[in-house]
Amino acid sequence: MSITGLLVVCVILGFVGILAAKIVPEVSEYMDIVREVKAVAADPAVRGSVHDIKVAFEKRADVAYIKSITPEDLDISKDGDQIVISFAYTKKIPLFANASLLLDFQGSSSQQKEE
């Protein structure tokens, strides 16, 4: 391998590494949000009002350090006797200069676990 080839490979690996370092925390926070939303929906102590559900999510979000959404961003509904909590948000990640990456996240407490 020539020095030019080695430089090209290093630049590509550097770009992929920077991209991964910026995306992984956002995906991790999304997974935390889904986990907390499902936990709130399944909690028998918050079967009362919408306000109780939002307060329970806010407490869990503070502990999990969730900053991308607030309780006001939650869409709360009922499907039979089951509480369904949905959310959607967009995250803009600056990469370099004027280039950014836009990620759209959405989830619900009724989502099935992916295996």
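The values are calculated or read from the model by the stated rules, or taken from the named source; none is laboratory data. Values in this document were obtained by computation on a predicted structure and should not be read as measured data. Cβ sites come from the backbone with ideal geometry, for glycine too, and all protein chains shown count toward neighbours. Calculation scope for accessible area: heavy atoms of the full protein, side chains included, ligands and nucleic acids excluded. Shrake-Rupley method; radii C 1.70, N 1.55, O 1.52, S 1.80 Å.
Residue check: is residue 62 assigned to a helix (DSSP H, G or I) and surrounded by fewer than 14 Cβ atoms within 10 Å (Cβ to Cβ)? Here the answer is yes, as residue 62 does meet what is asked.
Surrounded by 10 or more Cβ atoms within 10 Å (Cβ to Cβ), in contact (Cβ under 8 Å) with a residue 24 or more places away in the chain and of a type in the set (Phe, Trp, Tyr): is that true of residue 57 in this structure? Yes. Within the stretch 68-86, if we keep just the residues that are part of a loop (DSSP other than H, G, I, E, B) and either touching a His at 6+ places or on another chain (Cβ under 7 Å) or over 23 Å from residue 25 (Cα atoms) (or both), the residue that is least open to solvent (accessible area, probe 1.4 Å) turns out to be 80.
Close contacts from the stretch 27-40, counting a first residue that is in a helix (DSSP H, G or I) and a second that is among the polar types (S, T, N, Q) and open to solvent by 50 Å² or more (accessible area, probe 1.4 Å), with Cβ to Cβ under 7 Å and a gap of 6+ residues or different chains, come to 34/111.
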